[in-house]
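For reference, the structure is listed below as structure tokens.
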Amino acid sequence: MKDWYLLMKIRSFAEANIVQGMLEENNIPVHILNKKDSIYHFGDIEVYVPNTLKDLAKDLLNNTLLN
């Protein structure tokens, strides 16, 4: 995933889906990488966006979280 930027790590699928929906609604492609252990339920879900759109994604995320 050399052309992708790790935007955030999240613990729950619900949060990852909300972030994914918000970004895709703003025409930002998203890749979700599940690094959660299926038995013990530890680990993170990583949200990636294209390097070229990382600043826009950060701004959208920050503005959404602040409101």
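No value in this document is a laboratory result; all are computed from the given coordinates. Not measured: the values here are computed from a predicted model. Glycine gets a Cβ as well: all are built from the backbone with ideal geometry, and neighbour counts include every protein chain shown.
Angle check, please: helix 54-66 long axis (alpha carbons) against the longest principal axis of the chain (alpha carbons), in degrees 0 to 90, nearest 10. Between the helix axis and the principal axis of the chain, the angle is about 80 degrees. Our coupling estimate for the range 46-51, obtained by passing each phi through the Karplus curve with A = 6.51, B = -1.76, C = 1.60 and θ = phi - 60°, is 9, 10, 10, 10, x, 3 Hz, Gly and Pro reported as x. Any idea what angle helix 13-25 forms with the longest principal axis of the chain, computed on alpha-carbon atoms, 0 to 90 degrees, nearest 10? Its long axis makes an angle of about 20 degrees. Sparse packing (at most 11 other Cβ atoms within 10 Å of the Cβ) combined with a DSSP loop state is found for the following chymotrypsin sites (Phe, Trp or Tyr not before Pro) in the range 13-67: Tyr40, Phe42. As a proxy for reagent exposure, His41, His31 were ordered by neighbouring Cβ count within 10 angstrom, fewest first; the result is His41, His31. Cα-based radius of gyration for the chain, normalised by 2.2 N^0.38 Å, reads 1.11. Residues whose amide H lies under 5 Å from that of Asp44, counting only those 5 or more places away or on a different chain, are Lys35, Lys36; hydrogens are built 1.01 Å from N in the peptide plane.
Here's how it looks for Trp4: its modeled amide H is under 5 Å from those of Asn51, which are all 5 or more places away or on a different chain. Of the trypsin sites (Lys or Arg not before Pro) found in the chain, those in coil by DSSP whose Cβ has at most 10 other Cβ atoms within 10 Å are Lys2, Lys35.
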